[in-house]
There are 2 protein chains.
Amino acid sequence: MRAPDELLRLVEDYLAGLTLSPDLGAQRESMLYALEGGKRIRAVICLGTAEAAGGDVDAALPAAAALELVHAFSLVHDDLPAMDDDDERRGRPSAHAAFGEGVALLAGDGLLVEAFRLALTYSSTGVARELADATLGMIGGQYLDITGADSDLEQLHRLKTGRLFAASVGLGLRAASVAEPDQPPWRAFGEELGMLFQVVDDILDGDGYAERLGVGGAKSLADAAASRALAALAAIPADTSVLAEIVDGLAVRTA
Amino acid sequence: MRAPDELLRLVEDYLAGLTLSPDLGAQRESMLYALEGGKRIRAVICLGTAEAAGGDVDAALPAAAALELVHAFSLVHDDLPAMDDDDERRGRPSAHAAFGEGVALLAGDGLLVEAFRLALTYSSTGVARELADATLGMIGGQYLDITGADSDLEQLHRLKTGRLFAASVGLGLRAASVAEPDQPPWRAFGEELGMLFQVVDDILDGDGYAERLGVGGAKSLADAAASRALAALAAIPADTSVLAEIVDGLAVRTA
């Protein structure tokens, strides 16, 4: 089993070698810019799941990269003035601050389609289908976020953050060709990751759950989510030690 | 062979019955709004191609609808203030004028992903792969359009308009399971459609080719494209009369 750091290096190498469609021309520069940086947590979870499930890590790389492209697409569009209006992302100018709004809009669109192109390198449609479903959930969560159409914070995060995290596990399973009947315990694990990530994120940012429950209350919520994730892993008849390490890392992260 | 009007009705019925992901919640309203109206030319070409190639029209409906969703996505994002800043589309408020910029941005994103969900209802990945490639070409064309990064009008339109028209034929062939070696003459036909559509569009709008060549020069260009399209059809060993009718309709359209 490769350690999370090794999986991260594999993803970074893969992304560094990514060939975007030549039809995009100079638009590619803004897309590669938006893809730089980030913790690659979703990709690492995907690869870790694939390997723990007995699959080939290399075979899971396109799926892992596709998750990161969808994530990058969502950040670029979220940062736009019409949405969160953030001029900074990952410690430098956000895509629209660096390239202008129009090019950033197209960069997000392009990243989304390139993600599907990666997901479509698999011989069956399952990876791309699951990615599409998760992305639609994420968009639904974004809608709740900007319209305040739903005051249910759990539902908002279950969609906006949780669906892509759950799909990180799901795509790992599909890339490893895990049979459908064997997937539920793994997927139960995936369902806990979004909540864990989001609550810790809110604690670090001092908003969301931390604002609503106080830091202590939010920490209890994160601990509970981590415990449930680890319990889900313990129920899986495979060596899931690397995934447990990822959960521990998510629970104590400081950035 | 069904006439273009019959094919149009089939598409409209299919789109009217479309089920968008429930995860999108109330976001769906803006997406359905953006999908209303339009001539459905791409979908009709797709269905007409599928039937002429000996395929089942019903089996081509998801592909035809996917083309219209990608087209609608591109219009919603094109109309945004960061792009063309058009408050009107198809004779009524554009999506952002009706729903606000943030929701319109998400509506475009959602339409794009729903298009892939439709393309992924086929058992093989070919339809979705071709849709992805064409959409990336379209985005590359948009980039040239907003940045003026390339003064070559043909290249701009070949990407921005032509790629999705060519894919309309390509998706029809794939939905009809036409073998790869039999596709080239059909695809030669598809390559001419974008130019024909765009030049006529420019004549109607009084810009682009009409501005550059004068109305007379643009009409000659449109006639030449129509002739090449009809010549390509004539070289196909099948009853392509409905596709010829579509070409004639494109050449003389007034809206």
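We did not get these values from a lab; they are worked out from the coordinates using the rules stated. Since the structure is predicted, the reported quantities are computational estimates derived from the model, not experimental observations. We place every Cβ from the backbone using ideal geometry, glycine too, and count neighbours over all the protein chains shown.
Just a few scattered comments:
- Across the identical copies, the 7 Å label point of A:Val252, projected outward along Cα→Cβ, sits 7.8 nm from its counterparts, in ascending order.
- Size descriptors for region B:109-247 (Cα atoms only): Rg and Dmax, in that order, 16.1, 48 Å.
- Considering only B:Ala231, B:Ala63, B:Ala244, the mean-square fluctuation computed in a Gaussian network model of chain B, springs between alpha carbons under 10 angstrom, is largest for B:Ala231.
- Label-point spacing at B:Glu211 relative to the other copies reads 4.5 nm, in ascending order, each point sitting 7 Å out from Cα along Cα→Cβ.
- Full-stretch length increase - B:Lys39, B:Met1 - with 0.36 nm per residue and alpha-carbon distance subtracted: 11.7 nm
- Sorting B:165-176, B:33-44, A:97-108 by their mean Cβ neighbour count within 10 Å, with the most densely packed peptide first, gives B:165-176, A:97-108, B:33-44.
- At 7 Å out from Cα toward Cβ: A:Gly54 inter-copy label distances (nm, ascending): 4.3
- Sequence-distant lysines (8 or more away, or on other chains) whose Cα lies within less than 27 Å of B:Lys160: B:Lys39, B:Lys219
- For region A:230-242, backbone phi angles converted through the Karplus equation (6.51, -1.76, 1.60; θ = phi - 60°) give residue-by-residue couplings of 5, 5, 5, 4, 4, 7, 8, x, 7, 7, 10, 4, 5 Hz, Gly and Pro being listed as x.
- Total formal charge among the other residues, if their Cβ is under 12 angstrom from that of B:Gly54, Lys/Arg +1 and Asp/Glu -1: -4
- Förster-model FRET efficiency, 25 Å R0, B:Glu154 and B:Ala235, C-beta, rounded to 0.05: 0.60
- Per-residue HN-Hα couplings for region B:172-178 [Karplus 6.51, -1.76, 1.60; θ = phi - 60°; Hz; x = Gly/Pro]: x, 5, 5, 5, 8, 6, 6
- Estimated vicinal HN-Hα couplings, Hz - region B:49-65 in sequence order (Karplus 6.51, -1.76, 1.60; Gly, Pro = x): 5, 4, 5, 4, 7, x, x, 8, 4, 4, 5, 8, 4, x, 5, 4, 5
- Choice from A:Asp205, A:Asp23, A:Asp86 showing the highest fluctuation, given a GNM over chain A with Cα pairs closer than 10 Å: A:Asp23
- Taking amide H atoms as placed 1.01 Å from N in the peptide plane, the amide H of A:Arg89 lies under 5 Å from those of A:Ser94, each 5 or more residues away in sequence or on another chain.
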